[in-house]
Amino acid sequence: MTDLAGVRVVVTGATSGLGAAMASALLDAGATVGLASRPTRRLDAAVAAHRAAGGDAHALAVDVRDPRSVQQAADTAVATLGGVDVVVNNAGIGMRTVNPRFLERPQPFFDVSPEGFADLIATNLTGYFLVARAFARVFIATGPGRFVNIAINHETMRRQGFVPYGPSRAGSESLALIMAEDLAPYGIASNILLPGGATMSGMIPNEIPDAVRAMLLPAEIMGPPVVFLCSAEATGLSGERIVARDFAAWHQAFRRRSGPAAV
């Protein structure tokens with residue numbers, strides 16, 4: 001098991017789906033984790049449950065669409081956690097907010113309402129930018145840090161009926177790669193992590209057929225790669241795109257490239 005004792009991580013969208021699974025894996029590895037989410041009872045309950053299990057979890061109330069809320073969350077994270085080492089940019093909403101039956105009845109882009117398009121982009125793309133902007137300034141001021149930006153398959157970005165979700169995630173992946181270039185002079189890393197397929201999360205309709213549900217990846221698949229990306233082993237790694245489904249093979253290849261010191 002990788003030991004993340006002393007590593008301080010902020011995970012946005014940490015109360016459900018992939019965010020909850022990654023927060024749990026990081027806490028199990030010994031990290032101090034700020035669970036960033038809208039201020040609801042679910043956030044309080046999640047933090048309480050993790051703390052009852054011995055995890056060093058802290059609540060960070062944030063609306064990623066609001067620049068002032070994001071800046072306040074960044075300030076609170078530094079004060080509460082004693083600093084921040086890694087930010088997992090994960091908060092997002094899915095196609096079901098625009099078209100609840102998107103899997104069985106794809107909707108052409110010209111039937112998407114401007115309001116639905118704007119709301120999803122505000123969370124999935126502008127939210128990533130606002131979080132990255134606020135915490136990049138923290139890292140520049142306090143010392144090198146890391147970003148882990150959660151993405152999706154390229155096929156989903158081009159899938160019929162997936163406006164605006166596909167474009168939002170294409171934009172956030174582009175943002176993550178540009179971040180890696182812009183932040184390189186400061187020693188700050190920006191990597192991309194994606195499941196590698198549809199996962200069991202709040203973005204999937206409850207009414208999907210059992211046969212389809214059986215093919216979904218568990219959210220916990222994100223645990224091992226996100227722990228790696230927060231570990232000492234990943235020091236210096238930036239601009240990488242890691243698929244959680246293929247992480248074991250990728251990790252073996254990474255260790256061979258890195259030499260005995262990485263093993």
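Bear in mind these aren't lab numbers, they're just calculated from the coordinates by the rules spelled out. The model shown is predicted, which means the values in this text are computed figures rather than measured ones. Cβ sites come from the backbone with ideal geometry, for glycine too, and all protein chains shown count toward neighbours.
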Counting only residues 5 or more apart in sequence or on a different chain, those whose built amide H sits under 5 Å from that of Ala198 are Leu217
Taking placed amide H atoms and a strict 5 Å upper bound, the residues 5 or more places from Val87 or on another chain that come that close are Val10, Arg146, Phe147, Val148
Gap separating the Cα centres of the stretch 18-60 and the stretch 219-263, nearest whole Å
23
Gaussian network model of the chain, springs between alpha carbon atoms under 10 Å - residue of Ala57, Ala136, Ala253 with greatest fluctuation
Ala253
For Arg68 and Asp182 in the same chain, what is the full-extension length gain: residue separation times 0.36 nm, less their Cα-Cα distance, in nm?
38.7 nm
Structure-derived mean projected area of the Cα convex hull in nm² - corresponding label in (i) 15.0; (ii) 16.5; (iii) 14.0:
(iii)
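Please work out the FRET efficiency for the pair Arg257 and Asp111, using the Cβ-Cβ distance as r and a Förster radius of 45 Å; give the result to the nearest 0.05. All intermediate terms of the calculation are to be shown ahead of the outcome.
Numbers: r = 47 Å, r/R0 = 1.04.
That pair, Arg257 with Asp111, gives E of 0.45.
Once the piece of chain linking Ser16 and Asp56 is laid out straight, how much longer is it, given 0.36 nm per residue of separation minus the C-alpha distance between them?
Details: separation 40, 0.36 × 40 = 14.40 nm, distance 1.80 nm.
Extending this stretch completely gives an extra 12.6 nm.
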The simple spin-label model distance between Arg133 and Asp75, using points 7 Å out along Cα→Cβ, in nm, is 1.7
